[in-house]
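Beneath this line is the structure, given in structure tokens, with notes to follow.
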Amino acid sequence: MPLDEYRAKRDFTRSPEPKGETRKKARRRGPLRFCVQKHLATQLHYDLRLEYEGVLLSWAVPKGPSLDPTVKRFAVRVEDHPLEYGEFEGLIPDGYGAGVVMLWDTGTWTPEVDDVEAALAKGDLKLSLDGYKLKGSWALVRTRGWGRSKSAAGDDGKASWLLIKHRDEWSGALDITEFAPLSVKSGGDFAAILAADLPDVWTKNPKGRTDGDLVASLTKIVEKVEKLTPGKGR
Ligand code: MN
């Protein structure tokens, strides 16, 4: 899925999200990065992103990763994101994905396959993660669930996958999303990120939006954060 799809979904005069350099420009040397962003949008979910060929391959994981090898976490492959988005933490004031983004984990990843493209095509990508919270061996496995092919619901080829922890020294019963709910970037929860980011949003993105729209949008986001149970979603 090209970055065109990502760009098409966002109006960059209205959103502080990174614009996304071209594939060629963005490619870099060194270990491949990964991140997991905890995203309070329409629904709270986690976005797993793996750097590959100059973009971030992306899966939305509603319940977030589990360290328990017997737990398979549903994941939806979504459009590739630009590399610099992998560092993003803050407020998406309105539009697609409106809400708060927390950098929940970050680090490097290594494919445990020779050919990543082939593994993705086959729907079975084995990988290892070296983050602050997530480590060791994992698998992303495509399922035959909804979204495998174009559907009447307008699904554009997005497919359902499962995110599974392999049994190793980093697997276990610990509920990592409960145990380590906060940002690895700021150390904060959603409320702290929202509070810290408001001035940026107001000064950087006043164009193309009436105060009324922005206030309404921000009010919705604040209400969402307030509704979270402390220690759970936060
Ligand atoms: Mn998301």
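Give me a count of the residues in the stretch 1-54 that are modelled with pLDDT of 85 or more, away from the ligand (no atom under 16 Å from the Cβ) and closer than 12 Å to E84 by Cα.
Counting residues in the stretch 1-54 that are modelled with pLDDT of 85 or more, away from the ligand (no atom under 16 Å from the Cβ) and closer than 12 Å to E84 by Cα gives 3.
Could you figure out which of (1) free of Cβ contacts under 8 Å to residues at least 60 places away in the same chain; (2) among the aliphatic types (A, V, I, L, M); (3) more than 11 Å from the ligand (Cβ to nearest atom) isn't true of A60?
Condition (3) is where A60 drops out.
Yes/no per residue for (1) modelled with pLDDT of 55 or more; (2) surrounded by fewer than 16 Cβ atoms within 10 Å (Cβ to Cβ); (3) of a type in the set (G, A, S); (4) in contact with a helix residue (DSSP H, G or I) (Cβ under 7 Å, 6 or more places away or on another chain):
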{"position": "A180", "(1), (2), (3), (4)": "yes, yes, yes, no"}
{"position": "K207", "(1), (2), (3), (4)": "no, yes, no, no"}
{"position": "D211", "(1), (2), (3), (4)": "no, yes, no, no"}
{"position": "A216", "(1), (2), (3), (4)": "yes, yes, yes, no"}
{"position": "K227", "(1), (2), (3), (4)": "yes, yes, no, no"}
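Can you find, within the stretch 63-87, the residue that is nearest to the ligand (Cβ to nearest atom) among those that are surrounded by fewer than 19 Cβ atoms within 10 Å (Cβ to Cβ) and outside any strand (DSSP E or B)?
The qualifying residue nearest to the ligand (Cβ to nearest atom) is K63.
State which residue is modelled with the lowest pLDDT when the search covers only the stretch 144-166 and only residues that are farther than 30 Å from P31 by Cα and among the hydroxyl-bearing types (S, T, Y).
Looking at the filtered set, the residue picked out is S151.
What number goes with the only condition from (1) in contact with a Lys or Arg (Cβ under 6 Å, 6 or more places away or on another chain); (2) modelled with pLDDT of 95 or more that V141 does not pass?
Looking at each condition in turn, V141 falls short on (1).
The values are calculated or read from the model by the stated rules, or taken from the named source; none is laboratory data. Everything numeric here is computed off the predicted structure, so don't read it as measured data. Counting neighbours? That spans all protein chains shown, and the Cβs are built from the backbone with ideal geometry, glycine included.
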